[in-house]
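To start, the structure under review is shown below, and the notes come after it.
What follows is calculated from the coordinates using simple rules that are stated; it is not laboratory data. The model shown is predicted, which means the values in this text are computed figures rather than measured ones. Methodologically, a virtual Cβ is constructed for each residue, glycine included, from the backbone with ideal geometry; neighbour enumeration extends over all protein chains shown.
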Amino acid sequence: MGVTATPMVHMSGVQKWFGDLHVLQDIEFDVAAGEVVVVIGPSGSGKSTLCRAINRLEPINEGEIAIDGVPLPEEGKALAKLRAEVGMVFQSFNLFSHKTVLENVTLGPIKVLGKSKADADKRAIELLERVGVASQAGKLPAQLSGGQQQRVAIARALAMDPKVMLFDEPTSALDPEMIKEVLDTMVDLAKFGMTMVVVTHEMGFARTAADRVVFMADGRIVEQNTPDEFFTNPQSDRAQDFLGKIL
Ligand code: ADP
Ligand code: MG
């Protein structure tokens, strides 16, 4: 192993416009293997677009993106394969409503990874146990609480054996009493060494689980630092202003 290991996520010179709106500006962003990065910033600063660009749910106009050293393909099978290596969990759980919890978790591994149903079932049960919802395996998503559904969404993403997990405000749609169970699941994942990019307003999570906090404003990464440094000693006016409003 070399000293300069390949980053799990690499973004360089990334530019993205929506019409006239320059939503991602000169993005230089690397995430090391096993690193947990929390992305924060005001609404509209480009956090979701950054996440979505990482697996090309959102095409970029300029720049490079690579996952574990492999440049993101433009399209086709190669893109599908690389996308499978990047798990994503959104604010809305996006589970298939007419499929059981178990089927939600096994569908990708069977269809995309070509796993047998038996293998996919076995792994899915392990993952559902890990996120604490194995007893719900035979139910439909609507029969679960929001917190349970989000944990199923995490299990579903993990079932693809991703190299990196992206979370875009995973607890924003949850009732307060369910936020902790989802955050605890994410803290657990971080402890297991998963590479994670997490957009969240949960500063408690950032303080306990993040290796690095990245602050975005107006489509730019304005500053980044360890949580301790960032929260106690933010450098930019934008970050000071933002923290003043949320803390
Ligand atoms: P954040 O997640 O930080 O709130 P977003 O990445 O969602 O920010 O959005 C960044 C900016 O891009 C916002 O001004 C938003 O309105 C705009 N935007 C996001 N998606 C689209 C889209 N599909 N078309 C046009 N503008 C968009
Ligand atoms: Mg967003």
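Odds and ends about this structure:
- Protection-proxy order for peptides 183-191, 82-90, 134-142, each taking the mean of Cβ atoms within 10 Å per residue, highest first: 82-90, 183-191, 134-142
- Karplus (6.51, -1.76, 1.60) ³J(HN,Hα), θ = phi - 60°, over region 110-125, in Hz, Gly and Pro reported as x: 6, 6, 9, 8, x, 6, 6, 4, 4, 5, 5, 4, 4, 5, 4, 5
- Shape summary of the chain, radius of gyration then Dmax from alpha carbon positions: 18.0, 55 Å.
- Coordinate range of the alpha-carbon atoms in region 108-187 per principal axis, descending: 38, 28, 18 Å.
- Relative pair counts by distance (%), Cα atoms of region 156-247, 10 Å bins: 15, 46, 32, 7, 0
- For residue 167, the residues whose modelled amide H falls within less than 5 Å of its own, excluding neighbours fewer than 5 places apart on the same chain, are 89, 197, 198, 199.
- Integer Hz, Karplus 6.51/-1.76/1.60 couplings in order for region 94-99, x for Gly and Pro: 6, 7, 6, 6, 9, 10
- Residues with amide H under 5 Å from that of residue 216, placed H, sequence gap 5 or more: 40, 41, 222
- Cα radius of gyration and Dmax for region 1-66 (Å): 12.7, 44
- When each of 117/139; 139/191; 47/245 is checked by Cα-Cα distance, pairs over 26 Å: 139/191
- Applying D = kT/(6 pi eta Rh) to region 1-142, where Rh is the Kirkwood radius over alpha-carbon pairs, T corresponds to 4 °C and eta to 1.567 mPa s, the Stokes-Einstein value obtained is 74 µm²/s.
- Note on the chain: antiparallel DSSP beta bridges, both residues inside, total approximately 55 percent of the bridges counted.
- Compared with the alpha-carbon gap, the fully stretched path from residue 20 to residue 126 is longer by 33.5 nm at 0.36 nm per residue.
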